[in-house]
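Report on one structure; see the data block that follows.
The values are calculated or read from the model by the stated rules, or taken from the named source; none is laboratory data. All values derive from a computational prediction rather than experimental measurement. Using ideal geometry, Cβ is built from the backbone for each residue, glycine included, and neighbour counts are taken over all protein chains shown.
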Amino acid sequence: GDSVTQMEGPVTLSEEAFLTINCTYTATGYPSLFWYVQYPGEGLQLLLKATKADDKGSNKGFEATYRKETTSFHLEKGSVQVSDSAVYFCALPDTGRRALTFGSGTRLQVQP
Amino acid sequence: NAGVTQTPKFQVLKTGQSMTLQCAQDMNHEYMSWYRQDPGMGLRLIHYSVGAGITDQGEVPNGYNVSRSTTEDFPLRLLSAAPSQTSVYFCASSYSITSTDTQYFGPGTRLTVL
(Lines give C-alpha, C1' and ligand atoms only; values in the text may rest on other atoms or scores of the structure.)
Protein backbone atom coordinates (compact mmCIF):
# COMPACT_ATOMS: atom_id res chain seq x y z
CA GLY A 1 0.00 0.00 0.00
CA ASP A 2 0.88 3.67 -0.07
CA SER A 3 3.45 4.77 2.47
CA VAL A 4 5.52 7.72 3.66
CA THR A 5 9.09 7.65 4.92
CA GLN A 6 10.55 10.53 6.93
CA MET A 7 14.01 11.17 8.22
CA GLU A 8 14.42 10.20 11.85
CA GLY A 9 14.88 12.84 14.47
CA PRO A 10 15.42 14.62 16.58
CA VAL A 11 16.84 17.38 14.47
CA THR A 12 18.58 19.98 16.61
CA LEU A 13 19.42 23.35 15.08
CA SER A 14 20.48 26.76 16.25
CA GLU A 15 18.20 29.71 15.65
CA GLU A 16 18.45 31.10 12.08
CA ALA A 17 19.86 27.85 10.70
CA PHE A 18 18.54 26.28 7.48
CA LEU A 19 16.14 23.38 7.89
CA THR A 20 15.48 20.39 5.67
CA ILE A 21 13.31 17.47 6.71
CA ASN A 22 13.26 14.71 4.13
CA CYS A 23 10.08 12.95 3.07
CA THR A 24 9.67 10.33 0.37
CA TYR A 25 6.54 8.47 -0.57
CA THR A 26 5.36 5.34 -2.32
CA ALA A 27 2.00 5.62 -4.03
CA THR A 28 0.01 4.80 -7.10
CA GLY A 29 -0.36 7.84 -9.29
CA TYR A 30 0.20 11.36 -8.02
CA PRO A 31 -1.59 11.89 -4.72
CA SER A 32 -1.82 15.15 -2.81
CA LEU A 33 0.94 15.55 -0.25
CA PHE A 34 0.77 17.26 3.12
CA TRP A 35 2.96 18.49 5.96
CA TYR A 36 1.32 18.67 9.37
CA VAL A 37 2.93 20.18 12.47
CA GLN A 38 2.32 19.29 16.11
CA TYR A 39 3.40 21.88 18.66
CA PRO A 40 4.03 20.67 22.24
CA GLY A 41 0.84 19.61 23.97
CA GLU A 42 -1.35 20.28 20.94
CA GLY A 43 -3.04 18.41 18.13
CA LEU A 44 -1.81 18.37 14.56
CA GLN A 45 -2.46 21.26 12.23
CA LEU A 46 -1.93 21.60 8.52
CA LEU A 47 1.29 23.41 7.66
CA LEU A 48 1.18 23.19 3.88
CA LYS A 49 0.10 20.98 1.02
CA ALA A 50 0.59 20.36 -2.68
CA THR A 51 -2.18 18.86 -4.73
CA LYS A 52 -0.32 17.95 -7.93
CA ALA A 53 3.13 17.15 -9.18
CA ASP A 54 5.59 20.07 -9.39
CA ASP A 55 3.43 22.22 -7.09
CA LYS A 56 5.09 24.10 -4.26
CA GLY A 57 3.30 24.47 -0.96
CA SER A 58 4.30 27.28 1.39
CA ASN A 59 3.26 28.71 4.74
CA LYS A 60 4.93 30.53 7.66
CA GLY A 61 8.27 30.56 5.81
CA PHE A 62 8.19 26.81 5.19
CA GLU A 63 8.21 25.39 1.68
CA ALA A 64 7.95 21.96 0.09
CA THR A 65 8.02 21.02 -3.59
CA TYR A 66 6.21 17.99 -4.95
CA ARG A 67 8.82 16.18 -7.03
CA LYS A 68 7.38 13.18 -8.85
CA GLU A 69 10.73 12.19 -10.37
CA THR A 70 12.19 11.50 -6.94
CA THR A 71 8.83 10.81 -5.18
CA SER A 72 9.79 13.38 -2.58
CA PHE A 73 8.24 16.26 -0.68
CA HIS A 74 11.03 17.65 1.47
CA LEU A 75 10.22 20.42 3.96
CA GLU A 76 12.54 23.45 4.04
CA LYS A 77 12.86 26.72 5.90
CA GLY A 78 15.59 29.23 5.40
CA SER A 79 15.87 30.50 8.97
CA VAL A 80 14.30 28.60 11.85
CA GLN A 81 13.13 30.15 15.10
CA VAL A 82 12.76 28.70 18.59
CA SER A 83 8.99 28.81 18.04
CA ASP A 84 9.36 26.28 15.18
CA SER A 85 10.25 23.57 17.69
CA ALA A 86 7.64 20.88 17.07
CA VAL A 87 7.06 17.49 15.50
CA TYR A 88 6.56 17.53 11.73
CA PHE A 89 4.60 14.86 9.87
CA CYS A 90 4.54 14.16 6.16
CA ALA A 91 1.31 12.57 4.95
CA LEU A 92 -0.63 11.44 1.93
CA PRO A 93 -4.27 10.38 1.45
CA ASP A 94 -5.32 6.82 2.09
CA THR A 95 -8.13 6.99 -0.43
CA GLY A 96 -9.33 3.50 0.42
CA ARG A 97 -10.06 4.48 4.01
CA ARG A 98 -10.57 8.15 3.26
CA ALA A 99 -7.98 9.17 5.79
CA LEU A 100 -4.32 10.14 5.91
CA THR A 101 -1.28 7.89 5.97
CA PHE A 102 1.40 9.55 8.11
CA GLY A 103 5.12 9.25 8.31
CA SER A 104 6.62 8.54 11.72
CA GLY A 105 7.22 12.23 12.43
CA THR A 106 10.41 14.24 12.85
CA ARG A 107 11.02 16.20 16.03
CA LEU A 108 12.71 19.57 15.52
CA GLN A 109 14.43 21.32 18.40
CA VAL A 110 15.65 24.86 17.82
CA GLN A 111 18.05 26.28 20.35
CA PRO A 112 18.49 30.01 20.96
CA ASN B 1 -15.97 28.12 16.29
CA ALA B 2 -14.45 25.81 18.86
CA GLY B 3 -13.26 23.49 16.06
CA VAL B 4 -12.64 19.91 17.19
CA THR B 5 -12.89 19.33 20.92
CA GLN B 6 -11.90 16.23 22.87
CA THR B 7 -12.50 15.18 26.44
CA PRO B 8 -10.88 14.24 28.71
CA LYS B 9 -7.34 15.52 28.15
CA PHE B 10 -5.83 12.87 30.42
CA GLN B 11 -7.13 9.55 31.69
CA VAL B 12 -5.69 6.67 33.70
CA LEU B 13 -7.48 3.31 33.58
CA LYS B 14 -6.90 -0.08 35.08
CA THR B 15 -6.78 -3.12 32.83
CA GLY B 16 -10.31 -4.30 32.05
CA GLN B 17 -12.04 -0.99 32.70
CA SER B 18 -14.15 0.64 30.05
CA MET B 19 -14.42 4.26 29.03
CA THR B 20 -15.53 6.58 26.26
CA LEU B 21 -13.39 9.27 24.68
CA GLN B 22 -15.53 12.13 23.51
CA CYS B 23 -15.05 14.06 20.28
CA ALA B 24 -17.17 16.87 18.90
CA GLN B 25 -16.88 19.34 16.05
CA ASP B 26 -18.91 22.44 15.27
CA MET B 27 -17.86 22.92 11.64
CA ASN B 28 -20.60 20.75 10.11
CA HIS B 29 -17.98 18.36 8.78
CA GLU B 30 -19.21 15.11 7.29
CA TYR B 31 -16.01 13.16 7.80
CA MET B 32 -14.61 12.28 11.23
CA SER B 33 -11.91 9.88 12.32
CA TRP B 34 -9.92 8.60 15.28
CA TYR B 35 -6.16 8.08 15.29
CA ARG B 36 -3.74 6.85 17.90
CA GLN B 37 -0.23 8.21 18.19
CA ASP B 38 2.57 6.03 19.47
CA PRO B 39 6.29 6.91 19.65
CA GLY B 40 8.10 6.34 16.35
CA MET B 41 4.94 5.18 14.58
CA GLY B 42 3.24 8.35 13.48
CA LEU B 43 -0.54 8.31 13.62
CA ARG B 44 -2.55 5.21 12.84
CA LEU B 45 -6.22 5.21 11.89
CA ILE B 46 -8.57 3.41 14.29
CA HIS B 47 -12.07 4.08 12.91
CA TYR B 48 -13.66 6.64 10.65
CA SER B 49 -17.07 7.90 9.63
CA VAL B 50 -18.22 9.52 6.39
CA GLY B 51 -21.48 10.76 7.85
CA ALA B 52 -24.07 10.22 10.56
CA GLY B 53 -24.93 6.55 10.87
CA ILE B 54 -21.94 5.36 8.81
CA THR B 55 -18.73 4.06 10.35
CA ASP B 56 -15.91 1.81 9.19
CA GLN B 57 -12.70 0.28 10.46
CA GLY B 58 -9.28 1.73 10.01
CA GLU B 59 -5.85 0.19 10.32
CA VAL B 60 -5.99 -0.72 14.03
CA PRO B 61 -9.67 -1.18 15.06
CA ASN B 62 -9.39 -4.07 17.52
CA GLY B 63 -10.49 -3.20 21.04
CA TYR B 64 -12.36 -0.05 20.00
CA ASN B 65 -15.96 0.71 19.07
CA VAL B 66 -17.47 3.82 17.54
CA SER B 67 -20.86 5.18 16.62
CA ARG B 68 -22.02 8.32 14.81
CA SER B 69 -25.56 9.26 15.76
CA THR B 70 -25.13 12.96 14.91
CA THR B 71 -22.93 14.94 12.53
CA GLU B 72 -21.25 16.69 15.47
CA ASP B 73 -20.22 13.79 17.73
CA PHE B 74 -18.00 10.77 17.23
CA PRO B 75 -17.20 8.98 20.52
CA LEU B 76 -14.61 6.23 20.80
CA ARG B 77 -15.30 3.41 23.25
CA LEU B 78 -12.80 1.12 24.89
CA LEU B 79 -14.78 -1.87 26.14
CA SER B 80 -12.03 -3.57 28.16
CA ALA B 81 -8.86 -1.52 28.37
CA ALA B 82 -5.47 -3.18 27.90
CA PRO B 83 -1.96 -1.79 28.51
CA SER B 84 -1.37 -1.93 24.73
CA GLN B 85 -3.99 0.81 24.40
CA THR B 86 -1.80 3.28 26.28
CA SER B 87 -1.41 6.03 23.72
CA VAL B 88 -2.40 9.53 22.71
CA TYR B 89 -5.70 9.61 20.85
CA PHE B 90 -6.63 12.25 18.29
CA CYS B 91 -9.95 12.93 16.70
CA ALA B 92 -10.04 14.65 13.31
CA SER B 93 -12.67 16.01 10.96
CA SER B 94 -12.88 17.38 7.44
CA TYR B 95 -15.54 18.95 5.28
CA SER B 96 -15.49 16.22 2.69
CA ILE B 97 -13.66 13.05 1.84
CA THR B 98 -11.75 14.27 -1.16
CA SER B 99 -8.05 13.58 -1.14
CA THR B 100 -7.10 17.26 -1.13
CA ASP B 101 -9.18 18.24 1.88
CA THR B 102 -7.57 19.54 5.07
CA GLN B 103 -8.17 17.54 8.23
CA TYR B 104 -8.66 19.39 11.51
CA PHE B 105 -7.41 17.73 14.67
CA GLY B 106 -8.49 17.97 18.28
CA PRO B 107 -5.97 18.54 21.10
CA GLY B 108 -5.77 14.86 21.98
CA THR B 109 -6.47 12.57 24.93
CA ARG B 110 -3.52 10.99 26.69
CA LEU B 111 -4.59 7.57 27.98
CA THR B 112 -2.60 5.37 30.32
CA VAL B 113 -3.75 1.81 31.04
CA LEU B 114 -2.16 0.20 34.08
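The condition (being modelled with pLDDT of 95 or more, facing chain A (nearest Cβ under 10 Å) and farther than 18 Å from A:Leu100 by Cα) is satisfied by just one residue among B:Gln6, B:Gln22, B:Gln17: B:Gln6. In contact with a strand residue (DSSP E or B) (Cβ under 7 Å, 6 or more places away or on another chain) and without any contact (Cβ under 8 Å) to a residue 12 or more places away in the chain: does that describe B:Gly106? Here the answer is no, as B:Gly106 does not meet what is asked. The residues listed here are B:Gln22, B:Gln17; of these, the one that is assigned to a strand (DSSP E or B) and surrounded by fewer than 21 Cβ atoms within 10 Å (Cβ to Cβ) is B:Gln22. A:Thr71 meets the conditions (1) on the phi > 0 side of the Ramachandran plot; (2) among the polar types (S, T, N, Q); (3) surrounded by fewer than 14 Cβ atoms within 10 Å (Cβ to Cβ) in every case but one. The failed one is (3).
Number of residues in the range B:71-106 that are surrounded by fewer than 20 Cβ atoms within 10 Å (Cβ to Cβ), in a strand (DSSP E or B) and away from chain A (no Cβ under 11 Å) equals 2. If the condition is being free of Cβ contacts under 8 Å to residues at least 60 places away in the same chain and in contact with a strand residue (DSSP E or B) (Cβ under 8 Å, 6 or more places away or on another chain), then the range B:36-50 contributes B:Arg36, B:Asp38, B:Gly42, B:Leu43, B:Arg44, B:Leu45, B:Ile46, B:His47, B:Tyr48, B:Ser49, B:Val50. The combined condition, being in a strand (DSSP E or B), of a type outside the set (A, V, I, L, M) and modelled with pLDDT of 95 or more, is not fulfilled by B:Arg44.
Within the range A:6-22, which residues are surrounded by 15 or more Cβ atoms within 10 Å (Cβ to Cβ) and modelled with pLDDT under 95? Scanning the range A:6-22 gives A:Gln6, A:Met7, A:Gly9. For residues in the range A:53-68 being in contact with a Ser or Thr (Cβ under 8 Å, 6 or more places away or on another chain) and exposed (fewer than 14 other Cβ atoms within 10 Å of the Cβ), which is farthest from A:Thr24 (Cα to Cα)? Within the range A:53-68, the match that is farthest from A:Thr24 (Cα to Cα) is A:Gly61.
Here's the yes/no breakdown for (1) surrounded by fewer than 16 Cβ atoms within 10 Å (Cβ to Cβ); (2) within 12 Å of chain A (Cβ to nearest Cβ):
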site: B:Pro39; (1), (2): yes, yes
site: B:Arg44; (1), (2): no, yes
site: B:Gly51; (1), (2): yes, yes
site: B:Gly63; (1), (2): yes, no
site: B:Ser69; (1), (2): yes, no
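Out of A:Tyr30, A:Tyr66, A:Tyr88, A:Tyr36, one residue alone is modelled with pLDDT under 90 and hydroxyl-bearing (Ser, Thr, Tyr). It is A:Tyr30. Flag: B:Thr109 does not match the condition of being closer than 21 Å to A:Leu44 by Cα and surrounded by fewer than 16 Cβ atoms within 10 Å (Cβ to Cβ). Screening A:Tyr39, A:Tyr25 for residues that are surrounded by 15 or more Cβ atoms within 10 Å (Cβ to Cβ), aromatic (Phe, Trp, Tyr), on the phi < 0 side of the Ramachandran plot and touching a residue at least 24 places away in the same chain (Cβ under 8 Å) leaves exactly one candidate, A:Tyr25.
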